[in-house]
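Working notes, beginning with the structure itself.
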């Protein structure tokens, strides 16, 4: 998860390291985000776009790795072994 999307202040992206759609849907539910937060258009990295309370809950969630910048998060994902 990035701390903040530099192009959309107040928003964060959440990605699954394995592109697990079920995991993203469950996380969306757990942090109280609307189902419209899930974006499947980019097959390489489906993601959640979170804001407000859902974003705050996600940032505070145990086990979530938070990156200061989106580019750092994407670099980390590119370095992961293929799933």
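Taking only DSSP H segments of four or more residues, each worth -39500 (n - 2.57), what value at 222 nm results for the chain once the sum is divided by all its residues, to the nearest 500 deg cm²/dmol?
-10000 deg cm²/dmol
With N residues in the range 11-78, what two-decimal value do you get for its Cα radius of gyration over 2.2 N^0.38 Å?
Relative to the rule-of-thumb radius for its length, the range 11-78 sits at 1.01.
Report the residue, chosen from 58, 37, 22, that carries the largest GNM mean-square fluctuation when the chain is represented by alpha-carbon nodes joined by springs under 10 Å.
Comparing 58, 37, 22 in a Gaussian network model of the chain, the most mobile one is 22.
Where a number appears in this text, it was derived from the coordinates with a stated rule and is not lab data. Quick caveat: nothing in here was measured; it's all calculated off a predicted structure.
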